[in-house]
Amino acid sequence: MHEQVAYPQLFKPLELAGKRLRNRIVHLSITTSLSHDRRVNERHTQYFVNRARGGAAMIVTEPVNMAPHQRVAAKVDVGNDDHLDELKRWADAVEREDCRLVAQVQDAGRGRHAPGRNPDAVGASALPDDLSWTIPRVLSVAEIEGMIEGFARSSRRLKYCGFSGVEISAGHGHLFHQFMSPWSNHRDDRYGGDFEGRMRLTIELIEAIRSACGQDFILGVKTPGDDGIPGSIDPTLAAAIARRIVDGGRVDYLCFAQGTHHRTLDMHTPDRRTPPVTYLGLMRQMRMEVPGVPVVALGRITDPAEAEGILSRGDAELIGLGRALITDPAWPAKAAQGRARDIRYCVSGNACWQAVISHRFIACENNPRVAALDELKAPALSANRKRIVIVGAGIAGLEAAWVAAARGHEVIVIGRSSDVGGKLRLHAALPGGEQLTSIYDYQLVEAQKAGVRFELGTEAQPLDVLALAPTAVILASGATMTWPLCLPASLKQEGFVQDLRSSIPDLLGFRQRQPGAAVLFDMDHTDGTYAAAELLQRIFDRVLIITPRDSLAQDTPLVTRQGILRNFHRLGIEIAVLSEPRWSGDFEDSGRLEYANVYTEKRGSIPDVAFFTYSTPRSPNIALAAPLQAAGMDVHLVGDCRVARDAVAATSEGFAVANQL
């Protein structure tokens, strides 16, 4: 009698190019920035091995350097024979886990999402990249032909080294996308002009790789589904492109990507502003255009039940997970065992994207151990059991608590609130914040399993902490928004104006729209502030955000910022940049608030202000540190209590301190 498998469609094997996939889960291409000097290293390999051991059936690597002009330091060189042994070890390490390793063939072309121009950009035509305004050097016919040959040779080298296949990245506004789009390809030679000419580079590349590598080598293509630019590639043209690509059975699977290097770049990493399984409708539409060719579903798929539904309905044959497998490499194994509740879920915050475009190692707000040797293992037991008191039940304190307890320590958490989660709990209650609960929900469950003792609803005092006789104290007591110096101090003393975080509980209690305007002074520039602005828009007739910077959301990832700005314009939320509020004595009588340009003092005003709040840089709450240290305590500061930053810093520091005690 066979044991019933949870999510049977998700764990049904599939064959591609004669190679068996043990299930339908594909790790999508994600740049990790773990490679150094274009070489494979142990941590880089470990990232992929962890996801293979966690149960993924196929992993598509980040783009690799294949052509002579590709010299990106954070991408592995495969364009010559210099590193064959390293490539073999990489492939063998993944393939021996019964996971197919597929390398991505890509060239950014003119596309650039980092600040500034790219002097090395190449492209189809001398037209600016829509995001960076980089004008590329136009590739000649001979260069295109040489590039195709180089990609094919490099693909054959990968096959020799033990890779199972390659995926051509022809979406997201990369070079092959640029050639296929009438928006970016204005050539009049054989690689431009009509539809067939624009398709020629991609088709010739597919044929060259297939010829060089044979039929027993997986060849997939990531192709546009909708890039969001009028006059470029919409779903109708995308369908024609897909049909042309699969004509004659040239490829083993297709994957439809959204967005491009434009104001639509955020479409390829959908966040809280989009529904789960964001592109389900488009995916179904594209699936009907390519019968008989496996399609990889993608786009904010985070839960095994969502994946099972897609496969059961026939919307796709494979499930593409990117950010979900960064967060929890054991997502497939846990799903197979019916342990979906134990998955550490992706919150679609795009911290991973921000890390890699900032030239840092890949990171995650809900996984502080990305690419670590012990990423799939329980925290190692400590040789010496200690009593650890943690002050603060936010995500930094909770991470420290469950890890320390799992290592065998006695852990006591003192929290001022009656609930865990800290300030992130407020964000989770705001529009689009629901998924954030999974960070502290996971931590709480693990802490309870490990026997952590909670004393919630308690304001910790030095004597209370000392009375517990701890071996070490971890302060995770967060931070408090500072008073804006452009406002009279008397307002603070009178309690007339509250900071945004203090105001949120009352705002959440409103059930009817309120007359008048809400004004938010923004010196924070993180996503939580803008989720609160959306809440204000639901409550008040008018919302204005005032900021002294020259634009909004400067401390959020670009792909998140694009969504914020689009949403604000759609909702009618007004923005006054390079401005600060100017409080006049008659505000309480007139309800009119003035604001001034930070350079010229030129004034503007908004009448009928019913609500005013501020979101500003946060000062660490460290009042307990000095008396505890004076009493001889071993005190560690983590998260905002150390320096106010983001969720990645909170969980990573909580983990690091607990792991060293």
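The values are calculated or read from the model by the stated rules, or taken from the named source; none is laboratory data. Here the structure is a predicted model, which means the values were calculated and not measured. Counting neighbours? That spans all protein chains shown, and the Cβs are built from the backbone with ideal geometry, glycine included. Accessible surface is based on the protein model in full, side chains and every heavy atom, while ligands, DNA and RNA are left aside. Shrake-Rupley method; radii C 1.70, N 1.55, O 1.52, S 1.80 Å.
The number of residues in region 77-98 that are in a loop (DSSP other than H, G, I, E, B) and open to solvent by 10 Å² or more (accessible area, probe 1.4 Å) comes to 8.
Somewhere in region 545-565, is a residue over 28 Å from the mean Cα position of the chain (by Cα) and not aromatic (Phe, Trp, Tyr)? Checking region 545-565: not a single residue is over 28 Å from the mean Cα position of the chain (by Cα) and not aromatic (Phe, Trp, Tyr).
Within region 13-24, track down each residue that is closer than 20 Å to Val251 by Cβ and touching a Phe, Trp or Tyr at 6+ places or on another chain (Cβ under 8 Å). The answer is Leu16, Ala17, Arg24. Step by step: first the residues of region 418-434, then only those that are part of a loop (DSSP other than H, G, I, E, B) and either in contact with a helix residue (DSSP H, G or I) (Cβ under 8 Å, 6 or more places away or on another chain) or of a type in the set (A, V, I, L, M) (or both), then the one that is surrounded by the fewest Cβ atoms within 10 Å (Cβ to Cβ). Which residue is that? The selected residue is Asp419. Within region 457-484, the set of residues being farther than 27 Å from Leu430 by Cβ and either among the β-branched types (Val, Ile, Thr) or loosely packed, with under 15 Cβ neighbours inside 10 Å (or both) comprises Gln461, Leu463, Val465, Ala467, Ala469, Thr471, Val473, Ile474. Criterion applied to Thr651, Thr556, Thr600 was being polar (S, T, N, Q), at pLDDT 95 or above and not in a helix (DSSP H, G or I), and the one residue passing it is Thr600. For region 568-579, the condition of being part of a strand (DSSP E or B), open to solvent by 50 Å² or more (accessible area, probe 1.4 Å) and touching a residue at least 24 places away in the same chain (Cβ under 8 Å) holds for at least one residue. With respect to the stated conditions, Leu101 fails to be part of a helix (DSSP H, G or I) and surrounded by 22 or more Cβ atoms within 10 Å (Cβ to Cβ). In region 523-541 there is no residue matching the filter, namely being among the acidic types (Asp, Glu), in a strand (DSSP E or B) and open to solvent by less than 60 Å² (accessible area, probe 1.4 Å). Does region 502-522 contain at least one residue that is closer than 30 Å to Trp353 by Cα, surrounded by fewer than 20 Cβ atoms within 10 Å (Cβ to Cβ) and under 25 Å from the mean Cα position of the chain (by Cα)? Checked region 502-522: no residue is closer than 30 Å to Trp353 by Cα, surrounded by fewer than 20 Cβ atoms within 10 Å (Cβ to Cβ) and under 25 Å from the mean Cα position of the chain (by Cα).
For residues that are within 29 Å of Glu365 (Cα to Cα) and aliphatic (A, V, I, L, M), tally how many sit in region 606-661.
Applying the first criterion (within 29 Å of Glu365 (Cα to Cα)) to region 606-661 yields 613-625, 634-661.
With aliphatic (A, V, I, L, M) added as a condition, the list becomes 622-625, 635, 637-638, 643-644, 647-650, 656-658, 661.
Selection size over region 606-661: 17.
Taken as a whole, region 153-163 holds at least one residue that is open to solvent by less than 30 Å² (accessible area, probe 1.4 Å) and either closer than 17 Å to Thr260 by Cα or in contact with a Lys or Arg (Cβ under 6 Å, 6 or more places away or on another chain) (or both). Restricting the first residue to region 263-283 and requiring it to be open to solvent by 50 Å² or more (accessible area, probe 1.4 Å), which pairs with a second residue that is in a helix (DSSP H, G or I) and of a type in the set (Ser, Thr, Tyr) meet a Cβ separation below 8 Å and a spacing of at least six or different chains? Pairs found: none. Look at (1) more than 30 Å from Leu466 (Cβ to Cβ); (2) assigned to a loop (DSSP other than H, G, I, E, B); (3) open to solvent by less than 50 Å² (accessible area, probe 1.4 Å) and you find that Met633 fails only one, number (1).
Does Gly639 satisfy the criteria of being at positive phi, modelled with pLDDT of 95 or more and exposed (fewer than 14 other Cβ atoms within 10 Å of the Cβ)?
no
When Leu237, Leu205, Leu254 are screened for being touching a helix residue (DSSP H, G or I) at 6+ places or on another chain (Cβ under 9 Å) and touching a residue at least 60 places away in the same chain (Cβ under 8 Å), only Leu205 passes.
For the condition surrounded by 24 or more Cβ atoms within 10 Å (Cβ to Cβ) and more than 16 Å from Pro270 (Cα to Cα), Ala297 does not qualify. Give the residues of region 381-409 that are free of Cβ contacts under 8 Å to residues at least 60 places away in the same chain, surrounded by fewer than 23 Cβ atoms within 10 Å (Cβ to Cβ) and either among the charged types (D, E, K, R) or at negative phi (or both), sorted by residue number. Hits for region 381-409 are Leu381, Ala383, Asn384, Arg385, Ala406.
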